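See structure below.
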Amino acid sequence: MTQQTKKNWILSALFLAIGLVLPFLTGQIPQIGNLLLPMHIPVLLCGLICGWQYGAMVGCILPFLRYALFGMPILFPTGIAMSFELLTYGLVVGLCYGYSRWQCILSLYRSLIAAMLAGRVVWGIVQMILLGITQSSFTWQMFLAGAFVNAIPGIILQLLLIPAIMVALNRTGLVRFKKRQAVPDAGTNI
């Protein structure tokens, strides 16, 4: 196991712990917690800092572990749909940012927005499937309200807080913005 792999495992465990604890800050008032989406922040940071594999893993495990420990979020359908959503967040933000030519604020915002859109689409699909199993309806209006309208404060918080954290980590040297090295063509000699 390389030093970087050890570091990523430790950071992933830290992000998982933060994801377990962060909802307690808003948990006393569930409406605020549902608006601010506190479990999303550590998953997005994990995908950005550790990579897509770790972000996806933390995103997938977090809702189930939180349910096992604290009974929230309710597992069916919320926790299951949230698990797929957070998995998608960690996966997409890590892939988009990791494969960006320049790892800077612009690519950070592109990666965040792509992950947020993909995660919400996956959430909607999983909700539709799960509610279809129970013969419940999941309308377009329910999707828009759950994925976007009610989540606007959380989306704004994520778009402000995550880049601010990444810039602070860059300034301290813990995580660096960088230019991705070009992969040489197979026929070129270096």
Taking a point 7 angstrom from the Cα of residue 117 along the C-beta vector, which residues in the range 128-156 have backbone N less than 20 Å away? 140-141, 143-156
Percent of alpha carbon pairs in the chain separated by more than 27 Å? 29 percent
Spin-label point model (7 Å from Cα, Cβ direction): what's the residue 169 to residue 156 distance in nm? 2.5 nm
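Size of the dipole of the chain about the Cα centre, Lys and Arg at +1 and Asp and Glu at -1 on the beta carbon, nothing else charged, in debye to 20? Each step should come with its number before you reach the end.
Values: 11 positive and 2 negative charges, 127 e Å.
Taking the Cα centre of the chain as origin, the dipole is about 600 debye.
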Dipole of the chain (Lys/Arg Cβ +1, Asp/Glu Cβ -1, origin at the Cα centre): which of 12, 133, 79 lies farthest to the positive side? 12
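Coordinate-derived values only; no laboratory data. Owing to the predicted nature of the structure, the values given are computational and were not obtained by experimental measurement. Counting neighbours? That spans all protein chains shown, and the Cβs are built from the backbone with ideal geometry, glycine included.
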